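The values are calculated or read from the model by the stated rules, or taken from the named source; none is laboratory data. Note that this is a predicted model, so its numbers are computed, not measured. Cβ atoms come from the backbone with ideal geometry, glycine included; neighbour counts cover every protein chain shown. Remember, those area values only see protein heavy atoms, side chains included, never the ligands or the DNA or RNA. Shrake-Rupley method; radii C 1.70, N 1.55, O 1.52, S 1.80 Å.
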Amino acid sequence: MKGFLRLGDHCEKIGSGYTPRGGHKSYVSSGIPLIRSQNVLMRSFKREGLAYISQTTHEEMQATEVIPGDVLLNITGASIGRVCVAPEELCPANVNQHVCIIRCKPEFDPNFISLFLSTPEFQKFIMDTQAGGTRQALTKSDIEEFRIPDVGVFEQRKLAASILTNLKLIESAEAASQLQRRELAALANAIVSASCQHCSTRPIALGEVLDEVKDGIGGLWKSFPVLGATREGVAPAKERPGKHADRYKPVRAGTVFYNPMRILIGSIAFVDEDDEPGITSPDYVVLKGKKGVVDTRWFYYWLRSPLGERCIRSLARGAVRERMLFNRLAEGEIELPDYDTQVRASKALAQIKPMRAAVLKQVAELDLLPQKLLAQF
C-alpha cells in the first residue's frame, strides 16, 4: 500500500436521505424502493422489509436517489457502520435519513470501498468516533475524513473480486452447516418421537417424575466455571457471580437447567457425562429426572422437541418474557415411555452430540474467515 487518501476528495456525492413527506403514510405497496437501515447489512443487502414510494415522491426526493455503484452506509443507531453496495437491479431507489450514499469517482471501485469500510479495524474506528458522545451518528464531515488505501483501480477491482468470490464460498459453506444443524435437530426429534409412539401410559405431571435442584454450591463456587443456557445449549455465562456467589446452583452430569425468562425461546441446557461440571445463576431452574423413572438426557431432548415445546406453550400465559419457574413447569404433563425405552433412545441421542459439536466448530471457523480475508487490506 502506498498510503491513504481522504475519501471526501474522491467522491462525487456523500449524503443521507430524509423521511418522505407524509412519513409512513406516503408508503405504497409497490413502486420505487426506499432503502432504510434494516435493508443495509454488512457487505450484503436485505430486500425483505423494503418500503416503497410513488414516482411522484421519488421525484420530490431526487437528491436522495440511489444509482448503480453507490455505496450505502448506515449512519445511526445500533446498525451504524453496516455497509454494502446498492444492488444494480434495485435502482433507481431512494434512502431515508439513516442511510448515507457514498458515490465514488471513477478512480475508486465501489466494491473495494465497501469491503474496506467493513474491515474489523475500520469498524472499530467508526465505533471509536462515537465513544463518549451523547449522539450515535456519523456526519457527512466524519465520512469525508475517512482514509482509504491509495491503490490503483485495477488492483482494487482484482482484490475486491477475489475477496467477494471467497466470501460467496464461505456463505455457501455456512448455509451447508446450517442445514446440517437442522438435520441433526430433526434426527433428535425423530428419535424422541419414535420412543413415544408405543407409549401406553396415561399422561403424568412433570412434577411427579422430576426433582428440582434448589441448594446453592456454598463456599466451593470458586472451583467451578459459571454456565448459562442458550438456544445452542450450555455456554459460558457472561457475568461472574456477585455478592451471593454461594447461592449459585451446581450443574453436574445428568442435569438439565434453563433460564426461566427465556425457556419459551429455547434457552435450555444439559450437562452430559463428558462435560465439565459448573455452577449456574440462582435464578435458573435446575432439575434431574427421578432415578429409574426418567433418563435426564432423553428428557432434555424431549423438552427441546416439538412435544416439549407444545407442553411449555400450554403452560405459558401469553408473554414471551414471562418467568416460568419449576412449580409452573411441574404442572405440565408428559406421556412417558417406559424407562428402558428412554435409555435406548438416550444412547442414540448421545451420538448426536459429537456430530453437532463438529458442525458448531466448523461454523465458528467459518465465522473467522471473513476477517482473515479482509485483513488483506
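Filtered by the rule that a residue be β-branched (V, I, T) and either free of Cβ contacts under 8 Å to residues at least 40 places away in the same chain or more than 22 Å from A63 (Cβ to Cβ) (or both), the range 1-43 gives a lone residue, V28.
Note on the range 100-165: enclosed helices (runs of 4 or more DSSP H) holding 1 or more residues that are more than 29 Å from the chain's Cα centre (by Cα) and of a type in the set (D, E, K, R) are 140-144. For the range 313-339, taking the residues that are of a type in the set (A, V, I, L, M) and in a helix (DSSP H, G or I), the one that is most open to solvent (accessible area, probe 1.4 Å) is identified as L315.
Rundown of residues vs (1) closer than 28 Å to V192 by Cα; (2) touching a Ser or Thr at 6+ places or on another chain (Cβ under 6 Å); (3) open to solvent by 50 Å² or more (accessible area, probe 1.4 Å); (4) without any contact (Cβ under 8 Å) to a residue 60 or more places away in the chain, yes/no style:
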{"position": "G233", "(1), (2), (3), (4)": "yes, no, no, yes"}
{"position": "I268", "(1), (2), (3), (4)": "yes, no, no, yes"}
{"position": "V285", "(1), (2), (3), (4)": "yes, no, no, no"}
{"position": "V293", "(1), (2), (3), (4)": "yes, no, yes, no"}
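Among the residues in the range 69-78, are any open to solvent by 20 Å² or more (accessible area, probe 1.4 Å), part of a strand (DSSP E or B), farther than 27 Å from R47 by Cβ and not small (G, A, S)? No; the residues of the range 69-78 include none that is open to solvent by 20 Å² or more (accessible area, probe 1.4 Å), part of a strand (DSSP E or B), farther than 27 Å from R47 by Cβ and not small (G, A, S). Looking across the range 50-68, the residues that are under 14 Å from G17 (Cα atoms), open to solvent by 60 Å² or more (accessible area, probe 1.4 Å) and part of a helix (DSSP H, G or I) come down to E59, E60, Q62, A63.
Return yes when L369 is in contact (Cβ under 8 Å) with a residue 24 or more places away in the chain, under 27 Å from the mean Cα position of the chain (by Cα) and within 24 Å of V213 (Cα to Cα) and no when it is not.
Against the criterion (in contact (Cβ under 8 Å) with a residue 24 or more places away in the chain, under 27 Å from the mean Cα position of the chain (by Cα) and within 24 Å of V213 (Cα to Cα)), L369 does not qualify.
Listed by first and then second residue, the pairs with beta-carbon distance under 7 Å, at least 6 apart or on different chains, first residue in the range 340-359 and open to solvent by 60 Å² or more (accessible area, probe 1.4 Å), second in a helix (DSSP H, G or I) and not basic (K, R), are M355/L184; R356/L184. Here the range 134-164 is the region considered, the condition is being more than 25 Å from P106 (Cα to Cα) and open to solvent by 50 Å² or more (accessible area, probe 1.4 Å), and the residue that is modelled with the highest pLDDT is Q136. If the condition is being crowded, with 16+ Cβ neighbours inside 10 Å and either part of a helix (DSSP H, G or I) or out of contact with any helix residue (DSSP H, G or I) (no Cβ under 9 Å at 6 or more places or on another chain) (or both), then the range 11-26 contributes only S26. Taking (1) modelled with pLDDT of 95 or more; (2) surrounded by 16 or more Cβ atoms within 10 Å (Cβ to Cβ); (3) not β-branched (V, I, T) in turn, L167 satisfies each apart from (1).
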